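The next block holds one structure in the form of structure tokens; read it before the comments.
The values are calculated or read from the model by the stated rules, or taken from the named source; none is laboratory data. Computed from a predicted structure; not experimentally measured. Methodologically, a virtual Cβ is constructed for each residue, glycine included, from the backbone with ideal geometry; neighbour enumeration extends over all protein chains shown. Each accessible area value is taken on the protein alone, full model and side chains, heavy atoms only, with ligands, DNA and RNA left out. Shrake-Rupley method; radii C 1.70, N 1.55, O 1.52, S 1.80 Å.
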Amino acid sequence: MPDPTSLVTDGFGSLEFWKGQITSAEEKINRYKESWQKNVSRQIGNPLDTIPTTDTVVVPLDHANIEQKKAQLYFRNPDVQLIAAPGHEASADALQAFSAVVNEVLGSDGVDAEAMMEELLTDTLCPSGIGFSVLGLDVTQDGTKPVQVGEKPVSKVGAVLDIEPVMEPIFEQAPNIIHQSYFWARVSPLMGLLPSRFHGSNFDRASWLGYKFELDKALAIKAFGLTEDEAAKGGDTPDRLNTDEKPTGGKDTDVVYGYCLSVKGSLYHPQIKHPEEIWRVILIKGVDRVIKFDRPYQRYAPDGITLMGLRGHFIHIYTPRYVSDSAIPPSDVSMSRQQVGELQKGRSQMLLQRERAKPMRQMNISLVDPAQAEKIKRGEWQEIILTTTSEPICTEVARATYPRESFEFNRIIKADINEAWALSNTSRGQEEDGGKKTATELSLRASGSDTRMEKERNRLLKWYLRGAEKLAGLIQLFEDDRTTVQIAGEANAMRIVEWKKDALPI
């Protein structure tokens, strides 16, 4: 059965259906927006918005914790090593050569996965507790070119016995690809889209995933074939997690906003049968038609049964933990935001105490020369209170001391924050509070936080390798032999070419 060329006309899976799904998904994300923006303001050091309102101390603990935990969870790209899928044979040399190609694409000259991970971990640790990313292939086409697709016999003119027929090549027009590049990029959590009823943590099991994108009007017209009127309808009010970066002026009409969905096609279209087919749906805000409905990252093998290429959704989502019946868990900053606020308030109170506890003296002005008295009145530091009764002439005024329990309260708050983040003073390279500790005590404390940190690191690594597996499926399907030779060398490239003849199954 041929692939469908459009969505179903009415009802489940239609254009109106997907508009409703997108609206519900945006409402779901908007419920978290205010809290996420508060978390970002803490990271960049904005002061408290409650009392005290002056001279509020900003404790950059969120920033320190985020950078410390990012370094412990992920400090460089892991080297990916490939093994043959069950039931699929490949030589060790071919797998090793293909591993080199995958690692090269993951590197800074390819998708730059390290930069993407830096951004995504900041999202999951600070504002949102969920990180959205998208994988794919960008292709630049310049017209078409003739490509040989087979041969056909041509009889020799005048020959009585056509024992050795002449073979004539068969050509078809194919896209002339002048450049292609893979991408694996972070998407802002404010732009992410989840089905309103999805509450799991394995996002490849979701029936669909999506994200909202913004594109300059001229680029959108070129990329999607929009008319000027359609592009003019695609504007929207921009939004940012960092409100300092939010553009002002209301609706932005120089940018076109759209939606890209990764859909399990068999659930929404009767013509699609394979449950692992991933279809792409692209809509433009304000435009009442489907811009794209295609399957760009998968193909069928010659047997017509085996699906090759991308495995799972091309939108790849990470969460560091799971909260029951919620696909969006709180971030680490969310979990400790109240304690950091208390710490900042306590430090602000300390500052006010220091301001009010400046050294002060009182002096009997009636016993001082009037010219000297005028100079004394203008003093700003270590102020002098002028009286007519003090004896002796000048004496210090007693100052109130800051209560000791406030410092103990400070220590308790820091311990609560460290516990929430699975960090410790030892892991930071700092001395433990509360006096000297034995080596055994320090070792036990470190092992407790290390166990949880290792669990979170393994979860992140598993997610990263799953993304690398998706990217490898795209490389295996789309990479041309010329680029493979440049990365792996001619000898290894030949091994990969022989291996790819069988094609990796999904």
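Along the charge dipole of region 323-376, pointing to its positive end and built from +1/-1 on Cβ of Lys, Arg, Asp and Glu, which listed residue (M335, A371, Q353) has its Cα farthest out?
A371
Whenever you get a sec, compute what percent of the accessible area on region 102-141 sits on carbon and sulfur atoms (1.4 Å probe).
Percent of accessible area from carbon and sulfur atoms in region 102-141: 35.
Accessible area per residue for region 209-261 in Å², computed with a 1.4 Å probe and the full protein assembly in place, what is it?
53
What figure in square angstrom, to the nearest 10, would you give for the accessible area of K246 with a 1.4 Å probe?
Result for K246: roughly 80 Å² accessible.
Share of region 275-376's accessible area from carbon and sulfur, percent, 1.4 Å?
Carbon plus sulfur share of accessible area: 48 percent.
What do you reckon, how do T122, T253, T451, T5 stack up by accessible area (1.4 Å probe), largest on top?
Per-residue accessible area, sorted high to low, gives T5, T451, T253, T122.
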